[in-house]
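The structure appears right after this line, and notes come after that.
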Amino acid sequence: MQKQPAIEQNRRIVTVLSVSPDREDHSAIEGMVGHSRWALYQAGEVAAALAILEEREIGVVLCERDLKPGTWIDLLAPLQLLSDAPPLIVTSRLADERLWSEALNLGAYDVLAKPFDVRELARSVSLAWLHWRHRHDDAKRLPRMRAAS
């Protein structure tokens, strides 16, 4: 089994879906990642986010706690049913201990406070994407390994 060269692996684009009814959230993220190798997709509600997830290979989802209608939990449930589900990071101006506990217990990857700190956003999304990428690559290899046995 061939591994990709390290340089080629580092060139992979980090695909991020930002889900928020607030255009300022998308703009803030866009401003922080515009110079990077991140591809940013945007949705204002759960239905639009699910449509993007069906069409694109998304590695990380950033989701505002309060959506209109619904909340981040309304996206987490169908997201977890996907075979290659990306990690979900909850964002909120009120990122208190209660939200942290609820989010992590229900299966979210992380919680980020707003306004975003550039380093925290980059760290959290990068780690979440690497987590997804490793699962994604392992899932691709597994059928080939079974076929070879």
Considering only residues of the stretch 69-84 that are free of Cβ contacts under 8 Å to residues at least 12 places away in the same chain and among the aliphatic types (A, V, I, L, M), which is surrounded by the most Cβ atoms within 10 Å (Cβ to Cβ)? A77
So P78, is it assigned to a helix (DSSP H, G or I) and modelled with pLDDT of 90 or more: yes
Boolean, P86 is part of a loop (DSSP other than H, G, I, E, B) and closer than 20 Å to R23 by Cβ: no
For F116, the lone unmet condition from (1) out of contact with any strand residue (DSSP E or B) (no Cβ under 9 Å at 6 or more places or on another chain); (2) within 21 Å of D22 (Cα to Cα); (3) modelled with pLDDT under 95; (4) not aliphatic (A, V, I, L, M) is (1)
Closer than 21 Å to P115 by Cα, modelled with pLDDT of 95 or more and of a type outside the set (K, R): does that describe P21? yes
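The values are calculated or read from the model by the stated rules, or taken from the named source; none is laboratory data. Quantities reported herein were computed from a predicted structural model and do not represent experimental measurements. Cβ sites come from the backbone with ideal geometry, for glycine too, and all protein chains shown count toward neighbours.
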